[in-house]
Each structure stands twice: as structure tokens, then as C-alpha cells.
Amino acid sequence: MNTSSSPANVTQMLENCLGCKWTMHVLEQIRQGIRRPGQLERTAVGLTTKVLGERLEKLRRYSLIEKTDYDESPPRVEYHLTPFGQKCVEILDQFQALQVAYKPTG
């Protein structure tokens, strides 16, 4: 896996990462400013520590988010969108707008 600022294969990222409902939820929460693992876990019923950890790691591997460790006591960790992650979220917004525009009526 490419560890630079963007993944080597965007299609692979879409298939392996963004298709998961929890991944989409976590991305949206980080985008809205919820950045600490405990906060993220409390944003949805059914989102477990294990699943959250898996999603965060996958998002990091695909360079969508970055992790910041703070040297404090107790330790503090926060996640932020990378520039690549921000661009992907903007593209996902376009899909949402398309869904709204073409939502069947009736």
C-alpha cells in the first residue's frame, strides 16, 4: 500500500474502504469535528470499539485520515482528514446531491 498522501489505486480504495456504512459514518463525523475515538464511538448505536478501530486503521492506510498523538497524561489521540480525504469527502457530497436530485417521488 502506498503510504504517501494518496493511495496507489483509488478504485481499490473505493471497493475496500468506502463501501462500508461505518466508514462513511466515521468520515462524516471526523469532517464535522468529532475527532477522538471515544467521541466517535458514541455517535452511533452499534458502532463498537473493534469496528471503529478497524475503520480508522483502514482510513489511515488509504491516506484519507491522519492520526495525531498528543504527549499528555492521559494520552490523547485525534484524527483529521488529509487533503486527499477532504477531496474524497467533497466527491461523496456530489454523490449525495445526485441522490437527492434523482430521488423517486411518490
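The values are calculated or read from the model by the stated rules, or taken from the named source; none is laboratory data. This structure is a prediction, so every number in the text was calculated from the model and none was measured. Here the Cβ positions follow ideal geometry from the backbone for every residue, glycine too, while neighbour counts run over all protein chains shown. Remember, those area values only see protein heavy atoms, side chains included, never the ligands or the DNA or RNA. Shrake-Rupley method; radii C 1.70, N 1.55, O 1.52, S 1.80 Å.
Observations, loosely collected:
- Rounded to 10°, Cα long-axis angle of helix 49-61 versus longest principal axis of the chain: 80
- When the solvent-accessible area of the chain is split by element, carbon and sulfur atoms take up 51 percent of it, the probe being 1.4 Å.
- Per-pair calculated FRET efficiency, R0 = 30 Å: Asp71 and Gln39 via Cβ, rounded to 0.05: 0.90
- Computed from Cα positions, the angle between helix 21-31 and the longest principal axis of the chain comes to roughly 70 degrees.
- Only Lys, Arg, Asp and Glu carry charge here, each on its Cβ (+1 for the first two, -1 for the last two); on that basis the chain has a dipole of about 220 debye about its Cα centre.
- Accessible area expressed per residue, the chain, with surrounding protein chains retained (probe 1.4 Å, Å²): 66
- Once the Cβ-Cβ distance of Asn16 and Val89 is raised to the sixth power relative to R0 = 22 Å, the FRET efficiency obtained is 0.80.
- Exposure rank, largest accessible area first [Phe84, Phe95; 1.4 Å]: Phe95, Phe84
- Amide H contacts under 5 Å for Arg76: Tyr70, restricted to partners 5 or more places along the chain or on a different chain, H placed in the peptide plane at 1.01 Å from N.
- Relative contact order for the chain, counting Cα pairs under 8 Å that sit 6 or more residues apart, in percent: 28
- Taking a quarter of the surface of the Cα convex hull of the chain gives a mean projected area of 8.2 nm².
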